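Take a look at the structure set out below.
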Amino acid sequence: MSIRQEMLDKKIWAVVGVSGKKEKWGYRLYNILKENDYKVYGVSPNYDEIEGDRVYHSLKDVPEKVDVINMVVSPRISINILGEANSLGIEYVFFQPGSYNNEVVAKAEELGLKYLIGDCVYAILKNRS
């Protein structure tokens with residue numbers, strides 16, 4: 001089974017970089033995951049809630065163990081999130097385009113995380129329906 005399929009089979013996701021702005025990918029990704037019956041937690045220090053859903057300021061604040069992180073932040077933020085994810089036992093990271101660079105990928109490798117680059121959760125789930 002591919003890492004992509006392993007991730008899609010997991011049901012508890014966190015969108016790191018969730019946004020309340022409908023035109024932003026952080027908003028679209030959060031909502032398409034919810035529409036496809038995933039349990040999704042929004043993570044962003046910029047919001048307390050989005051459309052009635054609580055938003056957590058960091059991964060450590062999420063009330064249950066997350067299976068997959070969907071990264072929708074800049075590489076300089078992604079690299080810091082990886083250490084936090086690792087310390088919480090989260091092993092899957094789906095990097096959206098623009099959320100990673102060579103340094104971020106090297107850090108994910110170093111931490112032994114299972115990650116995906118060059119793909120988009122939104123496109124995958126949109127094409128399913």
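The values are calculated or read from the model by the stated rules, or taken from the named source; none is laboratory data. Because the structure is predicted, anything quoted here is derived from the model rather than measured. Glycine also receives a Cβ, built like all others from the backbone with ideal geometry; neighbour counts cover every protein chain displayed.
Please verify whether the stretch 33-41 includes one or more residues that are among the hydrophobic types (A, V, I, L, M, F, W, C) and touching a Ser or Thr at 6+ places or on another chain (Cβ under 7 Å). Steps first, answer last, please.
At the first step, the residues of the stretch 33-41 found to be among the hydrophobic types (A, V, I, L, M, F, W, C) are 33, 40.
Among the residues that remain, those that are also touching a Ser or Thr at 6+ places or on another chain (Cβ under 7 Å) are: none.
Within the stretch 33-41 (the criterion being among the hydrophobic types (A, V, I, L, M, F, W, C) and touching a Ser or Thr at 6+ places or on another chain (Cβ under 7 Å)), the answer is no, since none of the residues qualifies.
Only one of these is among the aliphatic types (A, V, I, L, M), at negative phi and in a strand (DSSP E or B): V73, V105, V55. Name it.
The unique qualifying residue is V55.
Hey, could you check the stretch 1-21 for residues that are under 14 Å from F94 (Cα atoms) and among the charged types (D, E, K, R) and say which is surrounded by the fewest Cβ atoms within 10 Å (Cβ to Cβ)?
D9
If you check K65 against the conditions, is it assigned to a loop (DSSP other than H, G, I, E, B), on the phi < 0 side of the Ramachandran plot and not polar (S, T, N, Q)? Let's see the steps before the verdict.
Details: assigned to a loop (DSSP other than H, G, I, E, B): yes; on the phi < 0 side of the Ramachandran plot: yes; not polar (S, T, N, Q): yes.
Spelling it out, K65 is indeed assigned to a loop (DSSP other than H, G, I, E, B), on the phi < 0 side of the Ramachandran plot and not polar (S, T, N, Q).
Show the residue pairs meeting these rules: Cβ distance below 7 Å; 6+ apart or different chains; first residue within the stretch 22-49 and part of a strand (DSSP E or B) and exposed (fewer than 12 other Cβ atoms within 10 Å of the Cβ); second residue at pLDDT 95 or above and hydrophobic (A, V, I, L, M, F, W, C).
Filtered contacts from the stretch 22-49: E49/V55.
Test D67 against the stated conditions and say whether it is farther than 13 Å from G17 by Cβ, at pLDDT 95 or above and among the acidic types (D, E). Please lay out each step first, then the result.
Working: farther than 13 Å from G17 by Cβ: yes; at pLDDT 95 or above: yes; among the acidic types (D, E): yes.
In short, yes.
Which ones in the stretch 53-77 are within 10 Å of the chain's Cα centre (by Cα) and either of a type in the set (F, W, Y) or surrounded by 22 or more Cβ atoms within 10 Å (Cβ to Cβ) (or both)?
Within the stretch 53-77, V66, V68, I69, N70, M71, V72, V73 meet the criteria.
If you take the residues of the stretch 78-97 that are more than 13 Å from the chain's Cα centre (by Cα) and part of a loop (DSSP other than H, G, I, E, B), which of them is surrounded by the most Cβ atoms within 10 Å (Cβ to Cβ)?
Checking each candidate, the answer is L88.
Every residue in the stretch 84-124 that is in contact with a Lys or Arg (Cβ under 7 Å, 6 or more places away or on another chain) and of a type in the set (V, I, T), please. Working first, answer last.
Taking the stretch 84-124 as the starting set, the residues that turn out to be in contact with a Lys or Arg (Cβ under 7 Å, 6 or more places away or on another chain) are 84, 88-89, 91-92, 116, 119, 122.
Within the stretch 84-124, no residue meets the criteria.
Find the residue count for the stretch 26-53, including only residues that are touching a Pro at 6+ places or on another chain (Cβ under 9 Å) and among the charged types (D, E, K, R). Give the steps one after another, and end with the answer.
Our first condition is that a residue be touching a Pro at 6+ places or on another chain (Cβ under 9 Å); within the stretch 26-53, this holds for 41.
Add one more test, that the residue is among the charged types (D, E, K, R), and what stays is none.
Qualifying residue count for the region: 0.
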